[in-house]
Amino acid sequence: MAILLEGRKVSRNFGGLAALLNVNFQVRSGEIVGLIGPNGAGKTTLFRCITGVHPPTFGRILFKGEDISKLMPHHICVMGITNTHQVVKPFPEMTVLDNVRVGAFFGKGWVRGEVKDATQEALRVLEFTGLTSKANFLARNLTLPDRKRLEVARALATRPELLLLDEVVAGLNPTEVDRMIRLIQQLRESGITIFMVEHVMRAVLSVSDRLIVLNFGEKIAEGPPDEVARNPQVIEAYLGKNYASGKSHYA
Ligand SMILES: Nc1ncnc2c1ncn2[C@@H]1O[C@H](COP(=O)(O)OP(=O)(O)O)[C@@H](O)[C@H]1O
Ligand SMILES: [Mg+2]
């Protein structure tokens, strides 16, 4: 599989804080790659580096071999990279359909001002994400699971080649988690490459081909999910030293 996205020594500072330090990574075409790590590890920051919202302070990001690390977010979106936000960001006073239509006007599949094409594209995406019956609801009236789906729908309407999902499963109940996992698998089957941050381990372990683990801004592990889940450094990052060495917390 060809390399779609590559990070070389990606670093991002916020004042004196190194939120990311020398992170090397690759995402191949057609893969689902999971990005995990404790709170504050730098996962969202890495996504913002990729989308150009917080460009890397040092290092480079290549998309299909082209350096995108200094491009503006809208330019990166048109090239085929879109993200969802950890805290969902719909236009609350607009309908679900209009929210998705906005996505269809931008991005790779930009429909050059043809409203009817944008509407058609939006309706297709609503069907795919299971939101057709809510098309005329105001976004602010949606339940959390539907708002998460709308976040995915808005991103999809830009026709991404690479979709960055930031915690789209977190906060859902087990039935909704299963539904979202199925949607993610269908996205991959439709040809979209997926890079996803997720705290819900069941979800990220079951859908990912590969995991990358960040801790305090640095990559500490990478590999198949079952291998990463057994890695003592990863267990220590999540649960503390005593767990990693096999001792109980209370020993
Ligand atoms: N815009 C910002 N300004 C200053 N510090 C930030 C900003 N965004 C993130 N950080 C800091 O960078 C670190 C990584 O944050 P983040 O990428 O959100 O972590 P994660 O998504 O893994 O929980 C944290 O210490 C956070 O406080
Ligand atoms: Mg985050």
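Look at Thr84 and say whether it is surrounded by fewer than 19 Cβ atoms within 10 Å (Cβ to Cβ), within 16 Å of ligand 1 (Cβ to nearest atom) and either in contact (Cβ under 8 Å) with a residue 12 or more places away in the chain or over 28 Å from Phe128 (Cβ atoms) (or both).
no
Identify, from the list Ala153, Ala203, the residue that is more than 11 Å from the chain's Cα centre (by Cα) and not assigned by TED's automatic domain parsing to the domain that holds Val100. First the steps, then the outcome.
On the way: Ala153 fails: not assigned by TED's automatic domain parsing to the domain that holds Val100.
After ruling out the rest, the residue left standing is Ala203.
Given the condition within 16 Å of ligand 2 (Cβ to nearest atom), without any contact (Cβ under 8 Å) to a residue 60 or more places away in the chain and open to solvent by less than 10 Å² (accessible area, probe 1.4 Å), answer yes or no: does some residue in the stretch 35-51 qualify? The answer is yes; a qualifying residue exists.
Within the stretch 52-67, restricting attention to residues that are open to solvent by less than 20 Å² (accessible area, probe 1.4 Å) and closer than 21 Å to Ala157 by Cβ, the residue that is farthest from ligand 2 (Cβ to nearest atom) is Phe63.
Please work out which residue is modelled with the lowest pLDDT, limiting yourself to the stretch 49-81 and to residues that are within 20 Å of Ile192 (Cβ to Cβ) and within 16 Å of ligand 1 (Cβ to nearest atom). Per the criteria, the residue is Pro73.
Looking at the stretch 10-33 only, could you name the residues that are in a strand (DSSP E or B) and of a type in the set (D, E, K, R)? Passing the criteria: Arg12, Arg28. Within the stretch 1-29, being open to solvent by 50 Å² or more (accessible area, probe 1.4 Å) and within 16 Å of ligand 1 (Cβ to nearest atom) holds for Asn13, Phe14, Gly15, Gly16, Leu17, Leu21, Asn22.
The values are calculated or read from the model by the stated rules, or taken from the named source; none is laboratory data. Keep in mind it's a predicted model, so treat the numbers as computed, not measured. Cβ coordinates were reconstructed from backbone atoms using ideal geometry, including for glycine residues, and neighbour counts include every protein chain displayed. SASA here: full protein model, heavy atoms, side chains in, ligands and nucleic acids out. Shrake-Rupley method; radii C 1.70, N 1.55, O 1.52, S 1.80 Å.
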